[in-house]
Every structure is written in structure tokens, then in C-alpha cells.
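What follows is one structure encoded as C-alpha cells, with my remarks underneath.
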Amino acid sequence: MDNYVTGAVIKRLRENKKMTQKELAQKIFVTSKAVSKWETGKGFPDVGLLEALGKALDVSVIELLSGKDITNLNKACNMAKGKFYVCPVCGNIIQTSGEAVISCCGITLPPLEAERADEEHSLKVKIVEDEYFVTINHPMTKEHYISFIVALSDQGVQLVKLYPEEDAQARFKISRVRKLYAYCKLHGLFEVNRKDLP
């Protein structure tokens, strides 16, 4: 039952909304006795109720199942505070402008934690006219390769998807770039900050 909503989560979310068990029960058309059973661990809500339960508690079904409150405090949409997510099943790349609960292929994805680029993942950056020309001397085999390179600015994201057996390189407009990122399929996300760019 690790991937199912627990009574403690329901109780915490209900109390945060300053709602009684009876008020929650009325919103989702069950009895207050049913809510009490869920909260005391003597039962679980039916799967068909999860959407209504999430709506009543102002959380997504994924948040309800994970037991985590996700509040995006990045209301001004500062792109530098964004997060990257990569699905290990299908390879989808998702970028958000703040905290989020992201699910793909039935998996809740953790945000990638960027590390400073090490020797094996160092980005070589040259200025060519009004662009950064970025290269990485890295294996590009089917098992071990750079999956994407990103230039992040306060205005948006420039992302170049890379594929095995191709060169690990990309070009980005220089304007307002704050960071560069490279994602290695085996070793994760690496970053280069603006102060380290030419």
C-alpha cells in the first residue's frame, strides 16, 4: 500500500483546510464514518473517489498519493528556479518554472539535482557571432551519452535534444543566458553558471 493514499495524509490535508470530517464527507458524497475509517487506517477510499477527494482537499491525485504538499512559491515565474525531470522509461524531458508533481509512464518523477560539471562532463563554450557554441567531449554510445543540452535564461529555455552516435554539441542565442545544463544518461544533470561562461 505504499503507493496509496494514507489516512494520515487525508487527516492532515483536511485539517489544513479547517474542515471537519462531516464537511469533507459531504463534499465527496460519502459518510463521515467512512472518512473516520480512512483517517484511522481502518479502510481506504475507493479508487473512484480519489479525484473528488483531491479536489475537495485542493491537491492533485498525484499529490494525494505521494503524501507531499507541493506549493510552487515561484509565483513570478523566475526561470532560474525551474526544475528538470526525465522519465527513465520513455525519455521524456519536462521543464517546469517551479515546484511541481510530475508523473510520466506511471512513475512520479523526482526533479533532477544539478551538479557542477566535472572533467568528464565539462562543457566547452565558444562565442560564434551572437551564439554560444557548446561542445562536450563525451562518449555518445547507446548506453552512455549526453541526452540534451539546455541554455536557461530569465526569458525561457533553449533545449537541444541529442542522440547516440552523434556529436555532443549545440548552439544557443547568447541573449540573457544565465546557465547551461547537460544531461548525461548515466550520471545525471550538470550545470555551468553564467560567471563561468565567456
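Observations
- Fraction of accessible area attributable to carbon and sulfur, the chain (%, probe 1.4 Å): 50 percent
- Ordering of 110-119, 153-162 by burial proxy (mean other Cβ atoms within 10 Å per residue, highest first): 153-162, 110-119
- Partner lysines for Lys11 [C-alpha distance under 19 Å; skip if fewer than 8 residues away on the same chain]: Lys22, Lys27, Lys33, Lys37, Lys42, Lys55, Lys68
- For the chain, the solvent-accessible area of protein heavy atoms averages 59 Å² per residue (probe radius 1.4 Å; ligands and nucleic acids excluded).
- Dimensions of the range 108-198 from C-alpha coordinates, computed as largest minus smallest value along each principal axis and given longest first, are 34, 30, 22 Å.
- Length released on extending from Val47 to Gln169, taking residue separation times 0.36 nm less the Cα-Cα span: 39.3 nm
- Given charges at beta-carbon only (K, R positive; D, E negative), |dipole| of the range 47-198 in Debye: 400 debye
- Listed values (1) -0.47; (2) -0.64; (3) -0.59, entry calculated as log10 I(q)/I(0) by the Debye sum over Cα atoms at q = 0.11 Å⁻¹: (2)
- Highest average packing first - 11-18, 82-89, Cβ atoms within 10 Å: 82-89, 11-18
- Since only Cys104, Gly91, Thr40 are under comparison, the one whose Cα sits farthest along the positive direction of the charge dipole of the range 18-176, derived from C-beta charges on Lys, Arg, Asp and Glu, is Thr40.
- Local electrostatic count at Pro45 - Lys and Arg +1, Asp and Glu -1, tallied over other residues with Cβ under 14 Å: +4
The values are calculated or read from the model by the stated rules, or taken from the named source; none is laboratory data. Model, not experiment: these values are computed from the prediction. Positions of Cβ are backbone-derived with ideal geometry, glycine not excepted, and every protein chain shown enters the neighbour counts. What goes into the accessible areas is simple: the full protein's heavy atoms, side chains included, and nothing from ligands, DNA or RNA. Shrake-Rupley method; radii C 1.70, N 1.55, O 1.52, S 1.80 Å.
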